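Written below as structure tokens is the structure these notes are about.
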Amino acid sequence: MTRKLTPKEAAQRYLREREPDVARATLYNHRSLLKQWWQWCESQDIEYVNDIDGFDLAYFRLDRQMEVGEVTLYNQMTVLRVFTRWLQSRGLVANGLADGMVVAQPDDASRNTKIDSITAQQILSYLEKYEYPSLRHVVFAFLWHTGMRLGALRAIDLKDFHPKEHYVELHHRPETGTPLKNKEYSEREVNLALWCCSILDDYIEGRRHDVTDNYDRTPLFTTEQGRVSHSNVRDHINQITRPCDYTRECPHDREITNCEATTRLHAARCPSSIAPHDLRRSSVTYLLDEGHRKELVADRVDLSVRTMEEHYDKRSEAEKRKLRRDEFGMDG
């Protein structure tokens, strides 16, 4: 007799089994998507996961398509397919169900995956003029300047910022809710430019909420509820990287007043909008473009040189050649 589980029970069982084997960030992403999935099942009166079929998965995909951008949809459906394969392995759904799922690759040609330094400066100038020193301003400036992961930004407490010495400390504190990607190996001190420290100082003085988190720690980046969340940071970066936000113009021939991407929840649907991880990639590319040694950049952003070269160095071969020419003083 096949065991019957509700969608929520199945998702929670899957997450418990995966927890020892995956990074916390991966588990967070899976938990976030599967919570949306089981809540959707409840709204559709799907009592047991055993009753799920291909039509249900297709309907869920259509509903998510109305809420998120192309890249996010791809990532979410990839997670759901992994979960569906787990359901198959436990005999809870029909074999082959995962293979029938539509998980279309996003059209990379239709959207940006990074921004250049000129665009970053446009955004910073806009924020300095109109939103200084808001949370959105300080988060964008900090991520662009440091190339940090989102989780690392969240991990910083007020005491970890040293304005007079111009640096921040990063500590792996999993027991109080802020693990770092590579655990203790990600712990480091990151230098900050004077302009970044100045924004942070003014944010702390005038706009930071004086709150503690659920572990009585004092975060550097806060909302009224406590430590800034992953989704809150993503929303801010998605929103401010829309050209209509910082130029009041649309390069995609859309009517701004009617564009769905101008709403807060649908900002990721703008082809020019990027995510925090894309901003990190953009920052790394900029540092390399500036001629900084790969080893030093890798240490600053907590990457191996090999990983940086494979996944973060987005310079074209022509750009690399020109940089080498400048470095070696070759005119021809």
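Is it the case, given these coordinates, that ASN191 is touching a Phe, Trp or Tyr at 6+ places or on another chain (Cβ under 8 Å), loosely packed, with under 14 Cβ neighbours inside 10 Å and not assigned by TED's automatic domain parsing to the domain that holds GLU67? Spell out the reasoning first.
On the way: touching a Phe, Trp or Tyr at 6+ places or on another chain (Cβ under 8 Å): yes; loosely packed, with under 14 Cβ neighbours inside 10 Å: yes; not assigned by TED's automatic domain parsing to the domain that holds GLU67: yes.
Taking the combined requirement at face value, the residue satisfies it.
For region 163-188, name all the residues that are surrounded by 14 or more Cβ atoms within 10 Å (Cβ to Cβ) and among the basic types (Lys, Arg).
ARG173, LYS181, ARG188
Taking region 251-276 only, how many residues are crowded, with 16+ Cβ neighbours inside 10 Å and of a type in the set (Lys, Arg)?
1
Under 8 Å between Cβ atoms, which residue pairs at least 6 apart in sequence (or on different chains) link something in region 175-192 that is on the phi < 0 side of the Ramachandran plot and in a helix (DSSP H, G or I) with a partner that is modelled with pLDDT under 95 and among the hydrophobic types (A, V, I, L, M, F, W, C)?
Matching pairs, first to second residue: SER186/LEU180.
Tell me which residues, restricted to region 117-150, are surrounded by 17 or more Cβ atoms within 10 Å (Cβ to Cβ), among the basic types (Lys, Arg) and farther than 25 Å from GLN225 by Cβ.
Once the filter is applied, which keeps residues that are surrounded by 17 or more Cβ atoms within 10 Å (Cβ to Cβ), among the basic types (Lys, Arg) and farther than 25 Å from GLN225 by Cβ, region 117-150 yields nothing.
List pairs: first in region 33-62 and over 14 Å from GLN76 (Cβ atoms), second of a type in the set (A, V, I, L, M) and outside any loop (DSSP other than H, G, I, E, B), Cβ under 8 Å, 6+ apart or cross-chain?
Final answer for the pair search is CYS41/VAL49; VAL49/ALA10; VAL49/LEU87; ILE52/LEU87.
Taking region 9-26, which residues are touching a residue at least 40 places away in the same chain (Cβ under 8 Å), more than 24 Å from LEU62 (Cα to Cα) and aliphatic (A, V, I, L, M)?
Once the filter is applied, which keeps residues that are touching a residue at least 40 places away in the same chain (Cβ under 8 Å), more than 24 Å from LEU62 (Cα to Cα) and aliphatic (A, V, I, L, M), region 9-26 yields ALA23, ALA25.
Restricting to region 287-308, count the residues that are small (Gly, Ala, Ser) and either on the phi < 0 side of the Ramachandran plot or assigned by TED's automatic domain parsing to the domain that holds ALA193 (or both).
Residues in region 287-308 being small (Gly, Ala, Ser) and either on the phi < 0 side of the Ramachandran plot or assigned by TED's automatic domain parsing to the domain that holds ALA193 (or both): 2 in total.
Under the condition of being polar (S, T, N, Q) and either more than 24 Å from ASP63 (Cβ to Cβ) or surrounded by 13 or more Cβ atoms within 10 Å (Cβ to Cβ) (or both), which residue from region 27-43 is farthest from the chain's Cα centre (by Cα)? Don't jump to the end; show me each part of the working.
First, pick out the residues of region 27-43 that are polar (S, T, N, Q): 29, 32, 36, 39, 43.
Subsequent filtering for residues that are either more than 24 Å from ASP63 (Cβ to Cβ) or surrounded by 13 or more Cβ atoms within 10 Å (Cβ to Cβ) (or both) retains 29, 32, 36.
On the way: ASN29: 10, SER32: 13, GLN36: 18 Å.
Looking at the filtered set, the residue picked out is GLN36.
Take region 70-93 and flag every residue that is within 26 Å of the chain's Cα centre (by Cα) and either in a loop (DSSP other than H, G, I, E, B) or under 11 Å from PRO7 (Cβ atoms) (or both).
The answer is PHE83, and nothing else.
Can we say VAL284 is closer than 23 Å to TYR167 by Cβ and not assigned by TED's automatic domain parsing to the domain that holds LYS129?
yes
Given region 100-173, what helices (runs of 4 or more DSSP H) lie entirely inside it while holding 1 or more residues that are at pLDDT 95 or above and closer than 13 Å to LEU192 by Cα?
Counting at least 1 such residues, we get 135-146.
Please enumerate the residues belonging to region 1-23 that are in contact with a helix residue (DSSP H, G or I) (Cβ under 7 Å, 6 or more places away or on another chain) and not hydrophobic (A, V, I, L, M, F, W, C).
Within region 1-23, THR2, LYS4, THR6, PRO7, LYS8, TYR14, ARG18, GLU19 meet the criteria.
On the basis of being among the acidic types (Asp, Glu), within 24 Å of LEU303 (Cα to Cα) and surrounded by 14 or more Cβ atoms within 10 Å (Cβ to Cβ), does ASP157 make the cut?
yes
The values are calculated or read from the model by the stated rules, or taken from the named source; none is laboratory data. Small disclaimer: the values here were computed from a predicted structure and weren't measured. Glycine gets a Cβ as well: all are built from the backbone with ideal geometry, and neighbour counts include every protein chain shown.
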